[in-house]
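Values in this text are rule-based calculations from the coordinates and carry no lab data. Just so it is clear, the structure is predicted and the values come from calculations on it, not from any experiment. With ideal geometry, Cβ positions are generated from the backbone for all residues, glycine too; neighbour counts draw on all protein chains shown.
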Amino acid sequence: MQNDENGLCYPNYYPRFKCIADKCSDTCCRGWEICIDENSLEKYRSIGGNIGKRLSECITTDSDGAHFILVEDERCPFLNSSNLCDLYIALGEDSLCGICTDHPRFRSFLSDRTEIGVGLCCEAAAEIILTGKNPIHIVPEADFPDDALEKAVLQIRKMLFRLCERDKPFIALRKCCALAIDAQDMLADGNFAEISALYDDFSGYSFAVEEITDEEVIAVLKTMESISPEWDEMLKKLSDGKYKTDFSAENEMQRLAEYFIFRHFPEALSDGDIVSKAYFAYFAVSAVKMFWGAYFYENNALTLRDRINGAKLFSKGVEYSEINMQRTYNLL
């Protein structure tokens, strides 16, 4: 069954998410263009007084639409020195434009429901994902849709979740890739009945593809568009071999694998490519572990803050860059 109130399905950890506002060590109101939807723009144009004057001075419109004019250090003009939003303070939550209300949520639109989750680019979201103790399950539990392609893709994804629960993270991810390769031809040929049979008979899958090496991870990362000095510094550390791998993070890597599979596998409904989505999860977990290894190399310890920062850095640099996501899919 699905949520009758809003038609949303979500991972079991989703209800725990809440923005921590000024308690965040970072801010999502800096470093990228903040677009303004048409409804919010119309509302902003009707506001008077000092806040209305600020709005008119801080919004510009170009070929990409309306957006706020960023100020020093690429900050939103309404982000004050306490990292709180002056617009929210003056006019309340309803005054926020769509992207500010929604971030870091993402959605996958299916024929009979919408899946919603929260992205690792947010440290509050990253913490609840990484510290979760239970395998992922979708809430409320929903039947597979009637659409044959959607049903097949979601069946495959559920098998990948089972692998993540059954095996150690990197063994599971290698098996996920192998299973996706086997199912890809069935999907391309429209042999949905075979995928249903594979799902019904699934017993853990035994075949695994070859490992993705650290050198291969670094080679892919080097092709990417730089997003920040922190990204460049991390890539240099990895290229110089300044990272370690002898630390334990199996629970966190399992949670990461589940997150990447949940978030990106439905994209196969658009391009039909399930193999690249499975390999992306394998690559992403490998890269984040290497980021953690760089922190461990420096401090001979790996704190929860380090784990959050590593996951967040990867997510910002890859998941929130269309260019870098496409380059990754093309190379995997």
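Panel note: the C-alpha atoms of the stretch 146-331, placed on their principal axes, show extents of 52, 32, 25 Å (largest first).
Only Lys, Arg, Asp and Glu carry charge here, each on its Cβ (+1 for the first two, -1 for the last two); on that basis the stretch 2-129 has a dipole of about 260 debye about its Cα centre.
Our analysis of the stretch 124-172 gives Rg over Rh at 1.05, with the two radii drawn from alpha carbon positions and Rh computed by the Kirkwood formula.
In the chain, the DSSP-assigned H stretches of four residues or longer account for a calculated mean residue ellipticity at 222 nm of -16000 deg cm²/dmol, using -39500 (n - 2.57) per stretch and the full residue count as denominator.
Annotation: average projected area of the stretch 161-211 is 3.4 square nanometres, based on the convex hull of Cα atoms across all directions. Counted by neighbouring Cβ atoms within 10 Å, the residues VAL275, VAL285 run from fewest to most as VAL275, VAL285. Each listed q (0.11, 0.22, 0.25 Å⁻¹) maps to a log10 I(q)/I(0) for the stretch 254-332, found by the Debye formula over equal Cα scatterers with no solvent: -0.30, -1.00, -1.21. Against the main long axis of the alpha-carbon atoms of the chain, helix 250-264 sits at an angle near 80°. Starting from the alpha-carbon convex hull of the stretch 1-152, give the projected area averaged over all orientations, in nm². For the stretch 1-152, averaging the hull's shadow over all directions gives 11.6 nm². For the chain, the longest principal axis of the Cα atoms and the long axis of helix 169-188 meet at an angle of about 80 degrees.
Considering only trypsin sites (Lys or Arg not before Pro) in DSSP loops that have at most 11 other Cβ atoms within 10 Å, the longest stretch of the chain without any of them is 134-332. Candidates GLY293, LEU313, SER276 compared by Cα position along the dipole of the stretch 223-331: farthest toward the positive end lies GLY293, with charges placed on Cβ. Per q in 0.11 1/Å, what log10 I(q)/I(0) does a Debye calculation on the alpha-carbon atoms of the chain return? Each listed q corresponds, in turn, to -0.78. If you wrap the stretch 29-102 in the convex hull of its Cα atoms and look at it from every side, the mean projected area works out to 4.8 nm². Per the Debye formula on identical point scatterers at the alpha carbon atoms of the stretch 258-297, with no solvent, log10 I(q)/I(0) at q = 0.14 Å⁻¹ is -0.36. Considering only alpha-carbon pairs that sit under 8 angstrom and 6 or more positions apart, the relative contact order computed for the chain is 19 percent.
With both labels modelled 7 Å from their Cα along Cα-to-Cβ, the ASN12 to ASN134 distance reads 0.4 nm.
Taking Cα atoms only, the orientation of helix 229-239 departs from the longest principal axis of the chain by about 30 degrees. Remark: the chain carries a charge dipole of roughly 1000 debye about the Cα centre, counting +1 on each Lys and Arg Cβ and -1 on each Asp and Glu Cβ.
Each of TYR44, TYR282 was scored by other Cβ atoms within 10 Å of its Cβ. Arranged with the fewest first, they read TYR44, TYR282. Spin-label model, ASP26 to SER111: label points 7 Å out along the Cα-to-beta-carbon direction sit 3.7 nm apart.
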